[in-house]
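The values are calculated or read from the model by the stated rules, or taken from the named source; none is laboratory data. Only a predicted model underlies this, so the values are computations on that prediction, with no experimental measurement involved. Reconstructed Cβ throughout: ideal geometry from the backbone, glycine too, with neighbour counts over all protein chains shown. Keep in mind that these areas ignore ligands, DNA and RNA; they rest on the heavy atoms of the full protein, side chains included. Shrake-Rupley method; radii C 1.70, N 1.55, O 1.52, S 1.80 Å.
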Amino acid sequence: MMGPLALAFDTKRASQAPLDMLMMKPQNLQLDATKFFASVSTGEEKPFDFFRTFFDGVIAGGTAGVVVETALYPIDTIKTRLQAARGGGKINFQGLYSGLAGNLAGVLPASALFVGVYEPAKQKLLRMFPENLSALAHLTAGALGGVAASLIRVPTEVVKQRMQTRQFYSAPDAVRLIVSREGFKGLYAGYRSFLLRDLPFDAIQFCIYEQLRLGYKAAARRELNDPENAVIGAFAGALTGAITTPLDVIKTRLMTQGPANQYRGIFNCVQTIVREEGPSALLKGIEPRVLWIGIGGSIFFGVLESTKRFLSQRHPPPHPHPKKDPTS
């Protein structure tokens, strides 16, 4: 089997390159088998506009998050009920949209904040890291976005999963009763397990997606269209979803246990599940999870790239820096 190919621009002859290479047209991408990861050298880099990148990311991330959550919420509900069921418990297929409104109130700012942090962090890190370590820049940016978004995601996830398992029937009641029974920390139940699942998930998914896009652009020698971005997003999401399913099961059990505190942390949760239900219980819900995240990755990245492109087209072109008069 062929080893991984790296992608790089030939920068040594940049001074003799035609104008289209200086403008970074994708047909000038070249395959380089001496480097492990996909890499991009930008040559003369465009000025980095942090605030524009941040706000474009916020808008694109919020839009993509709301679209994918609304479309796939029933699959997520089934997955949660499968994971929360102990032993041979029957799965309730009623109320598959339970908690959607309250969840969207959290998904919108969380997705917006994630991409708002990810995009400028990615661009900054790509400028800092050697060009053959672009994968590390994508991994790090994904983790930073995940940490920022977790401050919103975790309370949203706790409320959503308590409603999906029919513990509460409205988001305001869920928040009020969770705080009254468990304190404010109840809204952050399973926070460490959430980070254990979501930080690797965000980092791996976005790294796979970005690296596959670089490789495909190099092979196609052009910019990718929305269906192509969607297919790559589906593959990245499905693969990452399968890998992180055991972490998702642990997070679900810790978040839905309520004040009973059946589990005394992550390791105790793993030990209890394996002892009482067998190791296969750590893969509960893998089918709907892979389906949900695969389709979700397709929708999310398709909408994300489309929205980013739309926003970039509405921005005026950057003004060229005035050349300094050598006689002055």
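Can you pull out every residue in the stretch 244-270 that is without any contact (Cβ under 8 Å) to a residue 40 or more places away in the chain, on the phi < 0 side of the Ramachandran plot and not hydroxyl-bearing (S, T, Y)?
Those that are without any contact (Cβ under 8 Å) to a residue 40 or more places away in the chain, on the phi < 0 side of the Ramachandran plot and not hydroxyl-bearing (S, T, Y): P246, A260, Q262, R264, F267, N268, V270.
Among residues belonging to the stretch 239-255 that are of a type in the set (S, T, N, Q) and part of a helix (DSSP H, G or I), point out the one that is surrounded by the most Cβ atoms within 10 Å (Cβ to Cβ).
The qualifying residue surrounded by the most Cβ atoms within 10 Å (Cβ to Cβ) is T252.
Looking at the stretch 246-268, which of its residues are within 22 Å of R166 (Cα to Cα) and hydrophobic (A, V, I, L, M, F, W, C)?
Passing the criteria: V249, I250, L254, M255, A260.
Quick one: which of V274, V303, V270 is β-branched (V, I, T), at pLDDT 90 or above, under 18 Å from the mean Cα position of the chain (by Cα) and in a helix (DSSP H, G or I)?
Only one candidate qualifies: V303.
Could you identify the single residue in V159, V58, V67 that is in contact (Cβ under 8 Å) with a residue 60 or more places away in the chain and touching a Leu at 6+ places or on another chain (Cβ under 9 Å)?
V159
Select from the stretch 224-238 the residues that are without any contact (Cβ under 8 Å) to a residue 40 or more places away in the chain and assigned to a helix (DSSP H, G or I) and list them in ascending order.
E228
Report, ordered by the first and then the second residue, all pairs with beta carbons closer than 8 Å, sequence separation of six or more or different chains, a first member in the stretch 108-133 that is free of Cβ contacts under 8 Å to residues at least 40 places away in the same chain and within 21 Å of G65 (Cβ to Cβ), and a second member that is open to solvent by 10 Å² or more (accessible area, probe 1.4 Å) and hydrophobic (A, V, I, L, M, F, W, C).
Close Cβ pairs satisfying both conditions: A121/L144.
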